[in-house]
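Scroll down for the structure; my scribbles are underneath it.
The values are calculated or read from the model by the stated rules, or taken from the named source; none is laboratory data. The structure presented is a predicted model; accordingly, all values stated were derived computationally and were not measured. Using ideal geometry, Cβ is built from the backbone for each residue, glycine included, and neighbour counts are taken over all protein chains shown.
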Amino acid sequence: MHTDPICTNRFDLVPMTPAFLEASLCGDRDQAGRLIAAIVPEDWANEGARRRLAQLRQDPTLQAWLLRAVVLRSESRMVGHIGFHARPGEKYLDELAPGGVELGYTIFDKWRRRGYASEAAESLMDWAHRVHGVTRFVVSISPTNLASLGLARGLGFRRIGSHVDAEDGPEDIFERCLGGQPSPKQSPGAGQRGGATSGTSGWKL
Ligand SMILES: CC(C)(COP(=O)(O)OP(=O)(O)OC[C@H]1O[C@@H](n2cnc3c(N)ncnc32)[C@H](O)[C@@H]1OP(=O)(O)O)[C@@H](O)C(=O)NCCC(=O)NCCS
């Protein structure tokens, strides 16, 4: 299924097709590179990529929402990846952020602290808001992940709860609302650590 890239100042956010994910998971970076017309690093694909591939095989119409390669246009080089975990309105977000989407992002080591994640995340959320009317965005972040916590804060996310992820352990949950009301579940302490909603769940798809 063809889905257009999202173009930002410095990047093309190129949807990862099943063929691209398969090539990456097999370690065939030449083939992966041909498929997105960019230099692709070795071994970037992890369990998360495998999970997204399974989702895509089951429902190809998810393509626009799942993983995208962050391609630095000036070098035709993949410097990270970004995407949502599902399409808007998934059941697991019903309580905390109805109609929302959960965001994930990675910028590879060498390319960090240049504002790349901020630019890619801002543009992806803008696309979801402008084109699809999404108003609620969620990220779940380990309390020890200072980089991601700083990034989320800078993007305007506020803490609305916490949970224990089966793979990643304890995580705080943050929300950003665009042009809409804050989550009804948001506690007075949101934005600070401690308090708020907590639980264990099938939260991560
Ligand atoms: C989190 C991550 C995506 C940030 O990418 P990045 O391109 O370096 O982020 P940016 O340059 O846009 O940084 C934006 C802000 O985030 C914060 N930040 C980024 N890296 C940071 C670090 N190492 N320590 C503290 N704050 C940091 C800062 O506030 C920064 O703004 P500043 O540079 O003006 O101070 C990157 O570190 C990464 O891929 N980490 C591993 C994967 C990961 O943890 N993903 C998130 C899972 S929830």
Requested in this report: Spot the failing condition for Asn46; the list is (1) over 22 Å from Arg112 (Cα atoms); (2) modelled with pLDDT under 95; (3) not assigned by TED's automatic domain parsing to the domain that holds Ile107, and only one is missed.
Outcome: (1)
Requested in this report: Quick one: count up the residues across the stretch 41-65 that are out of contact with any Phe, Trp or Tyr (no Cβ under 6 Å at 6 or more places or on another chain) and away from the ligand (no atom under 16 Å from the Cβ).
Outcome: 14
**Report entry** Residues (within 13 Å of the ligand (Cβ to nearest atom) and either part of a loop (DSSP other than H, G, I, E, B) or touching a Leu at 6+ places or on another chain (Cβ under 8 Å) (or both)) located in the stretch 138-162
**Finding:** Val138, Val139, Ile141, Ser142, Pro143, Thr144, Asn145, Leu155, Gly156, Phe157
Query - Scan of the stretch 165-184 for residues that are assigned to a strand (DSSP E or B) and more than 15 Å from the ligand (Cβ to nearest atom), ordered by number - result: Cys177
Report task. Quick one: which residue in Ala166, Ala117 is under 22 Å from Leu13 (Cβ atoms) and touching a residue at least 12 places away in the same chain (Cβ under 8 Å)? Result -> Ala117
Report summary line: Flagged pairs (Cβ under 7 angstrom, 6 or more apart or on separate chains; first in the stretch 49-62, in the same structural domain as Leu25 (by TED's automatic domain parsing); second of a type in the set (Lys, Arg) and surrounded by 12 or more Cβ atoms within 10 Å (Cβ to Cβ)) are Leu62/Arg87
Query raised in the report: Across the stretch 111-137, what is the total count of residues that are under 14 Å from the mean Cα position of the chain (by Cα), small (Gly, Ala, Ser) and within 6 Å of the ligand (Cβ to nearest atom)?
Result: 2
Query - Restricting the stretch 85-110 to residues that are hydrophobic (A, V, I, L, M, F, W, C), in contact with a helix residue (DSSP H, G or I) (Cβ under 9 Å, 6 or more places away or on another chain) and within 13 Å of the ligand (Cβ to nearest atom), the residue that is nearest to Ala37 (Cα to Cα) - result: Ile107
